[in-house]
Amino acid sequence: MTKPCYQLRISSRAKHARITIKPSRQIEVVLPLGMPVREADKLVQQQQNWIKRTLARMQKQAPIMSTMPPTSIALLAIDKQIQVTYVASQKKPMIWNKALAQLSICNDQTCVSALLRDWLKMRAKEYLPDLLKNIASEMGVDYRAVSIRLQKSRWGSCSMLGNISLNAKLLLLPSEVMRYVLVHELSHLEHMNHSTVFWQYVERFEPDYRKRRRELRQLSLALPSWVHS
Ligand SMILES: [Zn+2]
């Protein structure tokens, strides 16, 4: 058996590494925050037989034709869990019900990932500017404008003119890690470099910034697959 594909999730609440198989047959490995990512590969390797047996049993009990995109999305930064349902037919390709935290997607859509990315960007435009404003006033700094993008690798940037750009994927990070990124970018308003003085400035508002940077690197590798175009 070749090594199965799996989705990695980092949890600040998990005490041990574990594997689960969702009804969609998606294999998920949960690692406690701070555990090296390579442990996930090891675990999957060790549990290959269990995975194979469980998938076979599930296929017998409830056969499915193809694996579905996600059934839920955790917007950790704002502590919201979104249910995603796929319906046979509806007028619009995607319907967002904010009150119920439900996203309904037409299941004949071939571009579910693109729809989810558009949706994430809209949610980021809704929430990130206010979060940035609050942290800026806490730090006593002024920026000129904020824009939200969905970039591949950059979490944020700050221009010489004081324009801040934030990645919509920040909504998927735990709030303390998201906060670190916002503090980092706002600190560039005072220091346009990564000098010692810059990091001292970051530390004033984010004493655990070293830990947060490590977590950010780790979490970058564990984002849901649909966020990558
Ligand atoms: Zn920087």
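The values are calculated or read from the model by the stated rules, or taken from the named source; none is laboratory data. Not measured: the values here are computed from a predicted model. Counting neighbours? That spans all protein chains shown, and the Cβs are built from the backbone with ideal geometry, glycine included. Side chains are part of the model used for accessible areas, which takes the heavy atoms of the whole protein and leaves out ligands, DNA and RNA. Shrake-Rupley method; radii C 1.70, N 1.55, O 1.52, S 1.80 Å.
Selection of segment 182-222 for residues being at pLDDT below 95, open to solvent by 20 Å² or more (accessible area, probe 1.4 Å) and not in a helix (DSSP H, G or I) yields only Leu221. Can you say whether Leu116 is touching a Phe, Trp or Tyr at 6+ places or on another chain (Cβ under 6 Å) and either in a helix (DSSP H, G or I) or at pLDDT 95 or above (or both), as far as the supplied structure shows? Considered against the rule, which asks whether it is touching a Phe, Trp or Tyr at 6+ places or on another chain (Cβ under 6 Å) and either in a helix (DSSP H, G or I) or at pLDDT 95 or above (or both), Leu116 comes out as yes. In segment 78-102, of all residues being touching a Leu at 6+ places or on another chain (Cβ under 8 Å) and within 27 Å of Val146 (Cβ to Cβ), the one that is most open to solvent (accessible area, probe 1.4 Å) corresponds to Gln81. Counting the residues of segment 73-100 that are touching a strand residue (DSSP E or B) at 6+ places or on another chain (Cβ under 6 Å), at pLDDT 95 or above and small (Gly, Ala, Ser) gives 0. Out of the residues in segment 7-56 meeting the condition of being open to solvent by 40 Å² or more (accessible area, probe 1.4 Å), in a helix (DSSP H, G or I) and touching a residue at least 24 places away in the same chain (Cβ under 8 Å), tell me which one is nearest to Arg217 (Cα to Cα). Result: Asp41. The condition of being away from the ligand (no atom under 12 Å from the Cβ) and among the aromatic types (Phe, Trp, Tyr) holds for only one of Phe198, Phe205, that being Phe205. As a summary of the residue check, Met160 satisfies the conditions (1) part of a helix (DSSP H, G or I); (2) of a type in the set (A, V, I, L, M); (3) away from the ligand (no atom under 12 Å from the Cβ) except for the one numbered (1).
Considering Pro32, Pro69, which residue is modelled with pLDDT of 90 or more and touching a strand residue (DSSP E or B) at 6+ places or on another chain (Cβ under 8 Å)?
Exactly one of Pro32, Pro69 is modelled with pLDDT of 90 or more and touching a strand residue (DSSP E or B) at 6+ places or on another chain (Cβ under 8 Å), namely Pro32.
Each row is one residue, and each column tells you yes or no for (1) within 16 Å of the ligand (Cβ to nearest atom); (2) open to solvent by 40 Å² or more (accessible area, probe 1.4 Å); (3) of a type in the set (Val, Ile, Thr).
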site	(1), (2), (3)
Ser113	no, yes, no
Lys125	no, yes, no
Leu131	no, yes, no
Tyr143	yes, yes, no
Trp155	yes, no, no
Ile164	yes, no, yes
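Ser137 passes every criterion in (1) farther than 19 Å from Leu75 by Cα; (2) open to solvent by less than 80 Å² (accessible area, probe 1.4 Å) apart from (2).
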